[in-house]
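K.L.:
Sending over a structure as structure tokens; questions will come in a sec.
The values are calculated or read from the model by the stated rules, or taken from the named source; none is laboratory data. All values derive from a computational prediction rather than experimental measurement. Please note: Cβ atoms are built from the backbone with ideal geometry, for glycine as well, and neighbour counts cover all protein chains shown.
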Amino acid sequence: MSEDLRLETASSLDGAAASADEVLALAARAAEADGVEAISEAFRLALTSGRGEVTHTLAYSGQSLAGYAARDASGSAELVVDPPSRRHGVGRALLRSVLDAGASGVWAHGDLPAAQALATSEGLVSTRELHVMERPVRDGDDGDPELPEGFSVRAFEPGRDEQAWLDVNRLAFASHPEQGSITLEDLQERMAQDWFDPAGFLLVEDTTVTQDGGAHPLAAFHWTKREPDSDTGEVYVVGVHPAYQGRGLAGPLTGLGTAHLARSGVTTIELYVDGDNTRALATYRRAGFEDAAVHVVYGHSSAP
Ligand SMILES: CC(C)(COP(=O)(O)OP(=O)(O)OC[C@H]1O[C@@H](n2cnc3c(N)ncnc32)[C@H](O)[C@@H]1OP(=O)(O)O)[C@@H](O)C(=O)NCCC(=O)NCCS
């Protein structure tokens, strides 16, 4: 480690020598150089809102910010080094710092050669893979597919559908910790983003059952995302209530969201899916998606 390298760890950047804006600017320079964002949406939101149990580690070379690492309460960490400050030991110092502090896994978005080399040289192995899949929008994508008998689709209504969605999301993602543990506050934070559009948040209901008050139970959902003016739309979250799995909903559910995105005018559709989620991978491959990148979590092989 170079002699003038200093690490500062804090639960908030309020009293830190570097501001959230400086960290975001560093991350933007890295993304420009690497072609991939090192710091994911959840950590970027935590930086700007100050919310969430995130521990920040800032690396300074002399007076200037050279790198940044973040770790959340689940032990997931990310780190990034400013491109001009690379190959001076900053990344290794940040990596050791987050691991010493209890991080169980460090994300390497895009699994870049530098990250692979650093992780391997610290004795870490790949413990999880997240696939980024994409496909171009084609003629005919803008038509809605037919749902199986007994189901209908409508758009999410803010103020009415939050709890039902949280319940189904938790059940559908019981084995996917990040997505399954989303709270009402997390949902509302996403609903406050400029990309949020209830018309692209599709709810599939079981019309054969009517609950008190006349509502139908939520069976599945497809939440799409499109940043304002972007040519790319995202299959943001797709979930099927466990009681409705295996009934042929996955394919049409995927198609409803891609049709919505196609009508909104995007030219490419992308999505993120865990490497161990074989059923989802198969659904998306059948829908024409192919791997565009793979993000890897590095950790000790004994980590759960
Ligand atoms: C990966 C990253 C954090 C490395 O930061 P860094 O400050 O350049 O890393 P260090 O100087 O501490 O390098 C430590 C070791 O990693 C390996 N390494 C780092 N960059 C490398 C490269 N471009 N090619 C080959 N090996 C590399 C080397 O073994 C190096 O040791 P050495 O310099 O003694 O040979 C940086 O490239 C980065 O910010 N990448 C984008 C974000 C990312 O991938 N984060 C995930 C990290 S697991």
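K.L.:
From the set of residues in the stretch 116-138 that are of a type in the set (A, V, I, L, M) and under 19 Å from the mean Cα position of the chain (by Cα), which is farthest from the ligand (Cβ to nearest atom)?
P.N.:
Of everything passing the filter in the stretch 116-138, MET133 is farthest from the ligand (Cβ to nearest atom).
K.L.:
For the stretch 117-131, check the following and say yes or no: at least one residue is part of a helix (DSSP H, G or I) and surrounded by 14 or more Cβ atoms within 10 Å (Cβ to Cβ).
P.N.:
Checked against the condition, which is being part of a helix (DSSP H, G or I) and surrounded by 14 or more Cβ atoms within 10 Å (Cβ to Cβ), the stretch 117-131 yields at least one hit.
K.L.:
Let me ask something else about it. For the stretch 25-63, give me each residue that is surrounded by 15 or more Cβ atoms within 10 Å (Cβ to Cβ), within 15 Å of the ligand (Cβ to nearest atom) and either without any contact (Cβ under 8 Å) to a residue 24 or more places away in the chain or not in a loop (DSSP other than H, G, I, E, B) (or both).
P.N.:
LEU26, ALA27, ALA30, ALA31, ASP34, PHE43, ARG44, THR57, LEU58, ALA59, TYR60, SER61
K.L.:
Looking at (1) at pLDDT 95 or above; (2) in a helix (DSSP H, G or I), which is the only condition ASP142 fails?
P.N.:
(2)
K.L.:
Here are ARG87, ARG96: which of them is within 11 Å of the ligand (Cβ to nearest atom), within 20 Å of LEU7 (Cα to Cα), in contact (Cβ under 8 Å) with a residue 24 or more places away in the chain and surrounded by fewer than 17 Cβ atoms within 10 Å (Cβ to Cβ)?
P.N.:
Exactly one of ARG87, ARG96 is within 11 Å of the ligand (Cβ to nearest atom), within 20 Å of LEU7 (Cα to Cα), in contact (Cβ under 8 Å) with a residue 24 or more places away in the chain and surrounded by fewer than 17 Cβ atoms within 10 Å (Cβ to Cβ), namely ARG96.
K.L.:
Let me ask something else about it. Test VAL297 against the criterion of being of a type in the set (A, V, I, L, M) and modelled with pLDDT of 95 or more, and give yes or no.
P.N.:
yes
K.L.:
Would you say HIS109 is more than 13 Å from the ligand (Cβ to nearest atom), under 23 Å from the mean Cα position of the chain (by Cα) and either exposed (fewer than 15 other Cβ atoms within 10 Å of the Cβ) or in contact (Cβ under 8 Å) with a residue 24 or more places away in the chain (or both)? Spell out how you get there, then give the answer.
P.N.:
On the way: more than 13 Å from the ligand (Cβ to nearest atom): no; under 23 Å from the mean Cα position of the chain (by Cα): yes; either exposed (fewer than 15 other Cβ atoms within 10 Å of the Cβ) or in contact (Cβ under 8 Å) with a residue 24 or more places away in the chain (or both): yes.
So HIS109 does not fit the description; no.
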